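Structure, as structure tokens:
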Amino acid sequence: SFKPGQDDGVPLPSPADVLRDLELIKELGANTLRIYNTPPIWFCDLVHEHGLKLMLDVSWGKHFVFTQDEKVADDARERVRAAARACGNHPALFAISVANEIPPEIVRYIGEGKVSEFIDDLVMIARSEAHDCLITFASFPTTEYLQSSEVDFVTFNVYLHDEIAMRNYLCRLQHVAGEKPLLLGEYGVDTSREKSEEEQAEILTKQFSAAFDEGVAGVFVFGFTDDWYVHGWQADWAFGLVRADRSKKPSFIAIRDLFAKAPQTTSLKLPKASVIVCSYNGASTTESCLRSMRRIRYPDFEVVFVDDGSTDRTQEIVAMFPEVVNIQQKNMGLSYARNVGMKAATGEIVVYTDSDCEADEDWLYYLVLAMVRGNHIGCGGPNLIPDEGSWVADCVGQSPGGPTHVMINDREAEHVPGCNMGFWRWAAIEINGFDSQFRKAGDDVDFIWRLQNRGWSIGFAAAAQVWHYRRNSVAAYLKQQRGYGEAEALLKYKHPDHFNTLGAGLWRGRIYGADIGVRFGGDVIYHGVFGTGLFQTIYRRPASMLAMMLMSVEWHLLTLFVGVMGLAFKPLLYVALLMFMTPITLAILAAEQARPERIRSRWTRPLIAYLHWRQPIVRGLARYTVRLKHKVLGHKLGEYSATKLPINPQDSRELLYWATWTEPKHRIQLLEAIKREVETAGLRFRIDAGWRDWDLEIYGSRYAKMRLTTVAERHEGSGHLLRIRVERLMTTFNKVILFAGAFLALFLLLTMWPFSRPAVLIPLAALAMFVFNRTRVGPPLLGLIDTAATKAGFYPVWPGKK
């Protein structure tokens, strides 16, 4: 804002002074101006002639309780409408901001929901007048929780002079912004009261470098000149890059040099990267994927394309890109193809994406920079939904089970999607790459968990974006979910500590996109004492776990069970009907709570509801199908003998082994040896994740398992005595069958006596299955333990020997 230089009272300098300022702004290397008053057309024309853009803030009575004062509210609407109508369609307009820093006490008093609705209303008014102009509103840390679902990008004004604090907060804001671009709306340093002009230059350089490193879409420096007026009065600050007489401060030169390099401003040397694209019959999207690779801006990289036995036009398309390393193989599955690409790669870092993805031009830069700066072993980024998809794809994007990332904190991920992930090649080779048993999905999850088991971390770069086409048909989406269900079953065998009893994944972090689903209750906002918190944050309530349970395949199976019992006791039919309608009702509620970017069909919400209902059934059935088909009893188990075992005569559950002082052995070595032997035998096992009082569980069959607990006694001057407590227990699967059988038998005995007397055989059959399997698999499992201990160098302690 300036001292009015025109007779019409417009707070702008004269056209001649404006021309002088625009020339300096061009010299600075800036491309957009942010102004806080609606300008006349001549100003917009001059900005456009200089190849610059404008972001216009609309000023209105935000310091009033505007929702209770219709005059203020109507004035705000009219000002936004007038500004959009006057300037919104001018070619110089980049964006309109319908509000700037609404005071936090006003928001707290009115309520976050009502203020957000009012902002959404202003956004829609602006968009109705200026169809091609982007719309936003500017928030700041004290109203961080205030969000609009209608804006095109997210704008925050942030003034933090500490570089680390600035980097961390911008990283947090990227997660607040979600899939929308993040713009730094204001940042500046006052040279009249805070810092010297030299300090201003140093701070601005560091902070703007931090902003670009964290992937913001752009930054506005506050402000251009010290010639600044507020409500017609000269401001008592000096934030400008130039002084009031337009002489340049040191910060002008510093920012000019920085803008010339933006957005890739780092001075770090980044290693060579190999982008590996794996595809099977991906002809429909391969060309757009490889064209996006040509646009990548990165100092040193290669693209390796692995064709996993495609039978369509994939090879014809790849031939159009001679710079791509093209590898053809017979169809072996995704994980095998990823390993082939990794072996052919020559880069220090291997980066994976899919042929149905398009990469941002700075994708590799941000991905590798986050790995190097954060000292991570791997890194991932978001996968966004392209605008070109069908309305069905829009519905799929609002449905559960899509590829996403899970965050432990703002910078570290527990999981990143397989279509956007990179790793140090040496680390990938060290853990033997991807497990080829995962042919459809799950290989990326297994791979990342194995890396994390080594103590390594996975980073996340919010600006390392790829656009990932979602499934364009219901059949394709459900097929994908079946594949995910099968992968979950296989993952549970390898990583049982990451799953609950029913086989669903357990995540420590926050699942990105967790708002998909049914949410009960509102969000919680931290305002600080009396609403004075400098950083006021929203804690979003996640999707309801209870709702997920009531929509699960287990709930549907229980409904079927109650329905069958209802054939004998009619009132239960009404219970079964109520149970059947519960997940349908919850799916409809989830569809109503969904917030798709656009509604392109009247069938959008009904389809979202249908997919919410079908997805847990399809995925759950696939999970159980694999678990029931899987050979729990390995074919090599019969090779183990239990004819002679070092059983403790005082406790038949204990096996005893000895390690001498001259050959020191640790019980962890014994457990690792048993684990290796179990894997060789092809058995399922479960390792304690730190919350149990046992060490290892081995599943000999679907009905019986063996639990091991170890302890080492230290005998001074002699050695260590290793005790292995072995417990033969019933599996959860057998317990469920036993409980269900007992319940069904009791029900039949009560309702159909005396004809139902044979029903007592139902739970007895389940108990007999446990006893039979416990007897069948117990001896060879004990023999397996003994074999593992012997191979590891432990000596059996025979009864009666010292």
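The values are calculated or read from the model by the stated rules, or taken from the named source; none is laboratory data. These numbers come from a predicted model, not from an experiment. Cβ placement follows ideal geometry from the backbone for every residue including glycine, while neighbour counts extend to all protein chains displayed. Surface accessibility is based on the protein's heavy atoms, side chains included, excluding ligands, DNA and RNA. Shrake-Rupley method; radii C 1.70, N 1.55, O 1.52, S 1.80 Å.
Here are the numbers for the structure shown:
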| read-out | value |
| --- | --- |
| Residue-by-residue Karplus 3J(HN,Hα) for region 740-748, coefficients 6.51, -1.76, 1.60, Hz, glycine and proline x | 4, x, 5, 5, 5, 4, 4, 4, 5 |
| Degrees between helix 363-374 axis and first principal axis of the chain (Cα, 0 to 90, nearest 10) | 70 |
| Per-residue ³J(HN,Hα) for region 271-284, Karplus 6.51 cos²θ - 1.76 cosθ + 1.60, θ = phi - 60°, Hz, x for Gly and Pro | x, 5, 10, 10, 8, 10, 10, 9, 8, 9, 6, x, 4, 5 |
| Folded to 0 to 90 degrees: helix 604-629 orientation relative to the chain principal axis, Cα | 30 |
| Extension gain from residue 315 to residue 669, taking 0.36 nm per residue of separation minus the Cα-Cα distance | 122.5 nm |
| Rg [Å, one decimal], Dmax [Å, integer] - region 339-392, C-alpha atoms | 13.8, 41 |
| Under-5 Å amide H pairs with residue 537, H placed in peptide plane, nonlocal only | 526 |
| About the Cα centre, charge dipole magnitude for region 53-199 (Lys/Arg +1, Asp/Glu -1 at Cβ), debye | 300 |
| Relative contact order of region 735-777, defined on C-alpha pairs under 8 angstrom at six or more residues apart (%) | 44 |
| Nonlocal amide H pairs with residue 301, under 5 Å, H built at 1.01 Å | 273 |
| Sum of -39500 (n - 2.57) over DSSP H runs of 4+, divided by residues of the chain (222 nm, nearest 500) | -13500 deg cm²/dmol |
| Relative contact order for the chain, counting Cα pairs under 8 Å that sit 6 or more residues apart, in percent | 8 |
| Under 17 Å from residue 53, Cα to Cα: aspartates and glutamates that are on another chain or at least 8 residues apart | 21, 23, 27, 45, 132, 152, 186 |
| Average accessible surface area per residue within the chain, 1.4 Å rolling probe, Å² | 47 |
| Low-density loop cleavage sites - trypsin sites (Lys or Arg not before Pro) in region 182-241, where at most 10 other Cβ are within 10 Å (DSSP) | 193 |
| Interchain or long-range residues, amide H under 5 Å from residue 499's placed H | 506 |
| Karplus (6.51, -1.76, 1.60) ³J(HN,Hα), θ = phi - 60°, over region 186-198, in Hz, Gly and Pro reported as x | 8, 7, x, 9, 7, 9, 9, 10, 8, 9, 7, 5, 5 |
| Across 440/494; 26/261; 272/440; 494/705; 492/675; 343/494, pairs whose alpha-carbon gap is larger than 18 Å | 272/440; 343/494 |
| Hull volume in cubic angstrom per residue (convex hull over the Cα atoms of region 636-789) | 141 |
| Fully extended contour minus Cα-Cα distance, from residue 573 to residue 82, at 0.36 nm per residue | 170.6 nm |
| Pairwise centroid distance, computed over Cα atoms, of region 720-797 with region 666-684, Å | 22 |
| Under 23 Å from the Cα of residue 114 - lysines, other chains or at least 8 residues apart | 62, 71, 180 |
| For region 454-480 and region 397-416, distance of Cα centres in Å | 8 |
| Mean-position separation - Cα centroids, region 203-249 and region 327-366, in angstrom | 43 |
| Region 690-769 - convex hull of alpha carbons, volume per residue in Å³ | 117 |
| Burial ranking of peptide ranges 312-318, 482-488 (average Cβ count within 10 Å, highest at the top) | 482-488, 312-318 |
| Carbon and sulfur %, accessible surface of the chain computed with the full protein complex present, 1.4 Å | 57 |
| Estimated D of the chain in µm² per second, where Rh is the Kirkwood radius over Cα pairs and Stokes-Einstein applies at 25 °C, 0.890 mPa s | 80 |
